[in-house]
Amino acid sequence: MQFKKVLKFIFWFALLFVSKQSISSNADSPYFKVILDSVPFKPDPDMLYCIWDSLNLNPYKLNLAEKKDTTWISLTNDSILFYLPVPGKINSPFGFRGGRIHAGVDLGLKWGDSVFCVSDGMVRFARFYKGYGFLIIISHDNGLETMYAHLSKMLVTNGQYVKGGELIGLGGATGHATGAHLHFETRFMGQAFDPSLFIDFDNHTLKNDQIAICAATFSHYKEVAQIKYHVVKQGDTLYRISKLYGVSIDTICRLNGINRNTILKIGRKLRYS
């Protein structure tokens, strides 16, 4: 048993050493600071935009709602071109939905429709992930990240460099999805913001050539931090919960996307503020 433990230690030490050599020599760039998967991240003031972590959606763990400065991101120029991920219209916008933040936009498509990369970049994440289903995250050369969720098939892999307009997957409804659509997110340093701030999805174009990233871009996270929930217990009713917290039944229904006749299941979290 002790001998097996020693062999296991030697194996993981060798794997760690080889990974470090491979990563440090090939993947570092002015835009990416590379770390090994699952290594705890401590923010580095010299780090520009991206950590190379193919296991976690948000390895940064930063609060950009407290950002003190403004970062200007180029969306298109002589070397950067922009493409829509799909031509569909927005079915569900960015914002609060059912008492929780909907951190992207849902774009209409049919099962198997083509999904395209919006701009040049490298695939940081490509695998099945919880409610997102088959999910691709691309770290772009300008410092933004885009996410493409609920895919029926992924056509790219981690570490692959892709061009804007390149086919990366096929639309679907994997994960928590009631029908085929593309859940599309834009992120900076791991924090989601409304892609409609710079993309005109109705007219299939950009609103501006640049976007200013500042604390106001992430103001929704301050609202999230102030949200309070009640966990439904046996015997709870909407009337009882409304009296407990001093809010109306209509407010509870509106915040949670339910109605007065909704059956409250024990353990469900209901937003009341």
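Values quoted throughout were computed directly from the atomic coordinates according to the rules given, and no laboratory measurement underlies them. Fair warning: this is a prediction, and the values are worked out from it, not measured in the lab. Cβ atoms come from the backbone with ideal geometry, glycine included; neighbour counts cover every protein chain shown.
Within the set of other residues whose C-beta is less than 14 Å from the C-beta of Ser92, count the net charge using Lys and Arg as +1 and Asp and Glu as -1. Intermediate results must be reported in sequence, preceding the final value.
Numbers: positive: Lys89, Arg97, Arg100; negative: Asp106, Glu185, Asp194.
So the surrounding residues net to 0.
If each residue of separation counts as 0.36 nm, what is the full-extension length gain between Lys228 and Tyr161 once their alpha-carbon separation is subtracted? All intermediate terms of the calculation are to be shown ahead of the outcome.
Values: separation 67, 0.36 × 67 = 24.12 nm, distance 4.17 nm.
Gain in length upon complete extension: 19.9 nm.
Within the set Lys89/Lys222; Lys67/Lys228; Lys67/Lys222; Lys243/Lys265; Lys61/Lys265; Lys153/Lys207, which residue pairs have Cα atoms separated by over 21 Å? Could you put the intermediate results ahead of the total?
Numbers: Lys89/Lys222 28 Å; Lys67/Lys228 24 Å; Lys67/Lys222 12 Å; Lys243/Lys265 19 Å; Lys61/Lys265 32 Å; Lys153/Lys207 30 Å.
The answer is Lys89/Lys222; Lys67/Lys228; Lys61/Lys265; Lys153/Lys207.
For Tyr129, list long-range residues whose amide hydrogen, built 1.01 Å from N in the peptide plane, is under 5 Å from its own amide hydrogen.
Phe134, Leu135
By how many nm would the segment from Thr178 to Lys68 lengthen if fully extended, with 0.36 nm per residue of separation less the alpha-carbon distance? Provide the component values of the computation, followed by the final result.
Working: separation 110, 0.36 × 110 = 39.60 nm, distance 3.95 nm.
Computed gain between Thr178 and Lys68 is 35.7 nm.
Arrange the peptides 55-68, 178-191 so that the one whose residues have, on average, the most other Cβ atoms within 10 Å appears first. Working shown, then result.
Details: 55-68: 15.6, 178-191: 20.6.
Ranked from most to least packed, the peptides come out as 178-191, 55-68.
Quick one: if the Förster radius is 41 Å, what FRET efficiency do Asn77 and Asp236 give, using the C-beta to C-beta distance and rounding to 0.05? Display every interim value, and only then the final one.
On the way: r = 56 Å, r/R0 = 1.36.
So the FRET efficiency works out to roughly 0.15.
Taking 0.36 nm per intervening residue step and subtracting the Cα-Cα distance, what contour gain separates Asn259 from Lys89 on full extension?
Details: separation 170, 0.36 × 170 = 61.20 nm, distance 2.79 nm.
That works out to 58.4 nm of additional length.
Could you compute the FRET efficiency for Lys207 and Phe96, with r as their C-beta to C-beta distance and R0 at 22 Å, rounded to 0.05?
On the way: r = 23 Å, r/R0 = 1.03.
Calculated transfer efficiency: 0.45.
In nanometres, what is the gap between the two model label sites at Ser219 and Ser248, each 7 Å from Cα along Cα-to-Cβ?
2.5 nm
Explain nothing, just the number: relative contact order of segment 228-271, from Cα pairs under 8 Å at least 6 residues apart, as a whole percent. Mind showing how you got there, number by number?
Values: 42 pairs, mean separation 25.9, N = 44.
It rounds to 59 percent for segment 228-271.
Going highest first, how would you order 157-166, 249-258, 141-150 by mean Cβ packing within 10 Å?
On the way: 157-166: 14.7, 249-258: 16.2, 141-150: 23.3.
The most tightly packed comes first, giving 141-150, 249-258, 157-166.
Return, for the Cα atoms of segment 74-223, the radius of gyration and Dmax in Å, separated by a comma.
14.2, 42
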